[in-house]
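Please read the structure below before turning to the comments.
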Amino acid sequence: MKNLVIGGAGFLGSNLCDALLDRGDKVICIDNFITGSRSNIEHLRDNKNFRFIEADIITLDIEKINFPFVPDIIFHLASPASPKDYICYPLETLRVNSIGTERCLNLALKTGAKFLFTSTSEVYGDPIETPQKETYWGNVNPVGPRSVYDEAKRYAEALIMAYQRIYKIKVYIPRIFNTYGPRMRLDDGRVIPNFIAQAIKKNPLTIYGDGKQTRSFCYVDDLIKGLLLLVETDYHMPVNLGNPDEFTIIELANKINEITGLNLPLEFLPPVVDDPRKRRPDISLAKKLLGWAPAVNLEDGLRRTLYYYMKGEK
Ligand code: UDP
């Protein structure tokens, strides 16, 4: 298969490029390095099936790029994805998910390619229903600091569904819940990279608010498998992808202490504005549709991630 991966130098994007190349596919990767990094794709530099194009799909219309091949699938993963990043790049986040998504859709329309867009559990906002099913419409503050991400992703979903209804494009909308693993930036502000960076420096583990808020953490390899299974289906509505094992942030900090044997103190800091209190995916649809469920539990995933940051290899 021939793939175009937009945002391919990011955390998820570079792991996706690896998985596609490992199965013998060809990959064109586009990134503007706003939150991705050259080091994530450095190892692919001499791979004859890999081509990298540095471009920003907000300022450059991807329909105007001269690609070495016509893609069978376009993966649009280009967006800041950690709260720290999207609050730092609010307009870029809104634009890459709106203008950027429409450009990708037009390219898919022109080439006949399938189109996958990485949506997010943030479309559910601070959910009143838990676990969250795809049929839940969410509880989003449309003008809060997180809205630049939440509403941009919700707009993108609406846009994609409109293109699907009008033009019958084969679209895929995974709603990705908290995912972690090798190649997350240690300074991206998310809880697992923060805790790992703090453990490396033997600093206290920072807890925002009371630490009783929950998240459900999926190891990156599981998530990538889910994406690759999804694009093989004929299902064009949103599908939750995530690990349903739910932990409070205090439990996560305790796990880091257990695994590292460091027993670092917990430092409680003020809560984050509009921080969702609970997040846990209902993955019944993904199980039925894809025969998929995460295989890596939190402890193993954290061990693998810590190994990567200590040794610099997966
Ligand atoms: N969090 C924390 N300490 C940190 C970083 C994050 O307690 O050093 C909390 C954050 O307030 C949220 C949860 O961990 O409740 C997950 O945050 P993250 O930024 O990883 O992702 P989110 O799910 O909010 O997008």
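The values are calculated or read from the model by the stated rules, or taken from the named source; none is laboratory data. Keep in mind that this is a model prediction, so the values were computed, not measured. Cβ placement follows ideal geometry from the backbone for every residue including glycine, while neighbour counts extend to all protein chains displayed. With ligands, DNA and RNA removed, areas are computed over all heavy atoms of the protein, side chains included. Shrake-Rupley method; radii C 1.70, N 1.55, O 1.52, S 1.80 Å.
Out of all Cα-Cα pairs in the range 224-312, roughly what percent, to the nearest whole number, are more than 17 Å apart? So the pairs more than 17 Å apart make up 64 percent of the total in the range 224-312.
Here the accessible area is traced with a 1.4 Å probe on the protein chains. For the range 217-277, carbon and sulfur cover 56 percent of it. Using all pairs of distinct alpha-carbon atoms, the Kirkwood hydrodynamic radius of the range 83-189 works out to 14.9 angstrom. Which one, T59, T118, T260, has the greatest fluctuation when you compute a Gaussian network model over the chain with C-alpha springs under 10 angstrom? Of T59, T118, T260, the Gaussian network model singles out T59 as fluctuating most. In this structure the amide hydrogen of T214, modeled in the peptide plane, comes within under 5 Å of the amide hydrogens of K278, R279, none closer than 5 places in sequence on its chain.
Can you pull out the trypsin sites (Lys or Arg not before Pro) in the range 184-268 whose DSSP state is coil and whose Cβ has at most 10 other Cβ atoms within 10 Å?
K201, K202
The phi torsions of the range 136-148, fed into the Karplus equation with coefficients 6.51, -1.76 and 1.60 and a -60° offset, translate into couplings of 6, 8, x, 9, 10, 7, x, 10, x, x, 7, 4, 4 Hz, rounded to whole numbers, with Gly and Pro shown as x. Distances between placed amide hydrogens fall under 5 Å for T206 paired with E267, all partners being 5 or more residues away or on another chain. For the range 107-207, with all protein chains in place and a probe radius of 1.4 Å, 56% of the accessible heavy-atom surface sits on carbon or sulfur.
The 3J(HN,Hα) values that the Karplus relation (6.51, -1.76, 1.60; θ = phi - 60°) gives for the range 247-261 are, in residue order, 9, 6, 5, 5, 4, 5, 4, 5, 4, 4, 5, 4, 5, 7, x Hz. Gly and Pro appear as x.
Normalised by 2.2 N^0.38 Å, where N is the number of residues, the C-alpha radius of gyration of the range 38-120 stands at 1.17. DSSP finds beta bridges in the chain, and of those with both partners inside it, around 10 percent are antiparallel. Its alpha carbons considered, the chain gives a radius of gyration followed by a Dmax of 18.7, 56 Å. Distant-in-sequence amide contacts of T179, defined by a placed amide H-H separation under 5 Å and a gap of 5 or more residues or a different chain, comprise C218. The residues of the chain present an accessible area of 44 Å² per residue when probed at 1.4 Å with all protein chains retained.
When the P(r) is computed for the range 6-63, the part past 18 Å accounts for 26% of the Cα-Cα pairs.
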